[in-house]
Amino acid sequence: MSVENVIIIGSGPAGHTAALYAARAELKPLMFEGLVPGGQLMLTTEVENYPGFPKGLLGPELMALFKEQSLRFGTRVESEDVTDVDFTSHPFTVKAGEKTYQAKAVIVSTGASATWLGVPGEKEYGGRGVSACATCDGFFFKGKDIAVVGGGDSAMEEATFLTKFANSVTVLVRKDTLRASKIMQERAQKNAKIEFMWNTEVKEVVGDGQKITGLRIWNSKTNEESVFATEGLFIAIGHKPNTKLFEGKLELDQKGYIVTKPGSTATSVEGVFAGGDVADHKYRQAVTAAGTGCMAALDAERWLSSRE
């Protein structure tokens, strides 16, 4: 079995940027893009904050351009999901589909997934009023009345950010208190555009077939159901890094994100690097993911040449 120089697991902005840099460094990278390629941008309709595209473009279009560029410099792409990895001996072993591969270095860029409510209508209106990213989509809700679901820091942050665009933001909270840190709570509660609805659970996203028009909500205190009219719903109940595959194999933090060494993309296993949202719970943007994908490829290249 031939040993690959670099195997890249994941095909979002981090994975493709890593592939581009590794390919240009003559490392002939092999990428497993997974059965659902392209990462979270595949769920984003308009991308207006990626530098170099002043008119904006669709998330899937941007990912198609990323892939085209990776392929142009000789990245080989397999449309398989990686099912197992062994980092205990070198070369590393990566299983995908029915086959086993070996690699001198591995770059993990499997990303993260927003936690969704899992209620009827939510998927149907994704990108048509339902979003899990205020910094990606807030701009499209100028002058509208919108809702945010969640009670933690990220919900307060999203709600506060959305007041720049929206006419009003209603935060729907399952309990009668917030989990958010004191400073985030105060900031949101002081904001004249933000209102809170307590003891409220979303049961269904309703729309007219084209876009969201409201939410069917249930109040756990009064046991009443009603329809709350809204033009947008932002879900801010957290993100989960896609790291199930690496449990017990790489050091993960309490939330399951891959731990990297400060100022580096190096993981707890020498020769394994991580880029993008799989290691970043703070910024979570396409451009920062691409940046750390570049760093991972440079780190891998330097590590490989130091061994030779």
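If I fit a long axis through the Cα atoms of helix 59-72 and take the longest principal axis of the Cα atoms of the chain, what angle between them do I get, 0 to 90°, rounded to 10?
Value to nearest ten degrees: 10.
Can you order the peptides 134-143, 115-124 by their average number of other Cβ atoms within 10 Å per residue, highest first?
134-143, 115-124
Along the three principal axes, how long is the stretch 194-308 when you take its alpha carbons, biggest first, rounded to the nearest angstrom?
Answer, in whole Å and largest first: 68, 30, 26 Å.
Applying the Karplus parametrisation 6.51 cos²θ - 1.76 cosθ + 1.60 with θ = phi - 60° to the phi angles of the stretch 268-275, what ³J(HN,Hα) value in whole Hz is obtained for each residue in order, glycine and proline being reported as x?
Result, rounded to whole Hz: 6, 10, 4, x, 10, 10, 9, x.
Let me confirm the definition first: pairs of Lys residues in the stretch 116-235, 8 or more apart or on different chains, C-alpha distance under 19 Å. How many are there?
16
With Kirkwood radius over Cα pairs in Å as the read-out, I listed [x] 20.6; [y] 21.3; [z] 18.5; which label goes with the value calculated from this structure?
Correct label, based on the coordinates given: [x].
How high is the relative contact order of the stretch 116-235, in percent, counting Cα pairs under 8 Å that sit 6 or more residues apart?
32
Once phi is turned into θ = phi - 60°, what whole-Hz ³J(HN,Hα) does the Karplus curve with 6.51, -1.76 and 1.60 give for every residue of the stretch 12-21, x standing for Gly and Pro?
Each residue of the stretch 12-21 in turn: x, x, 5, x, 6, 5, 4, 5, 4, 5 Hz.
If only Cα atoms are counted, what is the Rg of the stretch 116-235, and what is its Dmax, in Å?
Gyration radius and largest Cα-Cα distance of the stretch 116-235: 13.2, 40 Å.
Over the stretch 86-152, calculate the relative contact order: mean separation of alpha carbon pairs under 8 Å at least 6 apart, over the residue count, as a percent.
15
If Lys and Arg each add +1 and Asp and Glu each add -1, what is the summed charge of the other residues whose beta carbon sits under 15 Å from the beta carbon of Lys182?
Summing Lys and Arg as +1 and Asp and Glu as -1 gives 0.
Please work out how much length the chain gains when fully extended from Lys240 to Glu48, using 0.36 nm per residue of separation minus the C-alpha to C-alpha distance, in nm with one decimal.
Length difference between fully extended and current span is 66.7 nm.
Assuming R0 = 35 Å, what is the FRET efficiency of Lys190 and Arg24, from their Cβ-Cβ distance, to the nearest 0.05?
0.10
Choose one answer from Gly97, Gly127, Gly214: the residue with the largest mean-square fluctuation in a GNM of the chain with alpha-carbon springs under 10 Å.
Looking only at Gly97, Gly127, Gly214, the biggest GNM fluctuation is shown by Gly97.
Arrange the peptides 34-41, 216-223 so that the one whose residues have, on average, the most other Cβ atoms within 10 Å appears first.
34-41, 216-223
Please list, in chain and number order, the residues 5+ apart from Asn5 or on another chain whose amide H is under 5 Å from its amide H, with Hs placed from the backbone.
Lys104
Of the peptides 288-294, 67-73, 273-279, how do they stack up when ordered by the mean number of other Cβ atoms within 10 Å, highest first?
273-279, 288-294, 67-73
Over the stretch 142-300, what is the relative contact order in percent, taking alpha-carbon pairs closer than 8 angstrom and at least six residues apart?
17
The numbers here are math on the coordinates, done by the rules we state, and not lab data. Everything numeric in this text was worked out from a predicted model, so none of it was measured. Don't worry about glycine lacking a Cβ; one is built from the backbone with ideal geometry, like all the others, and counts go over all protein chains shown.
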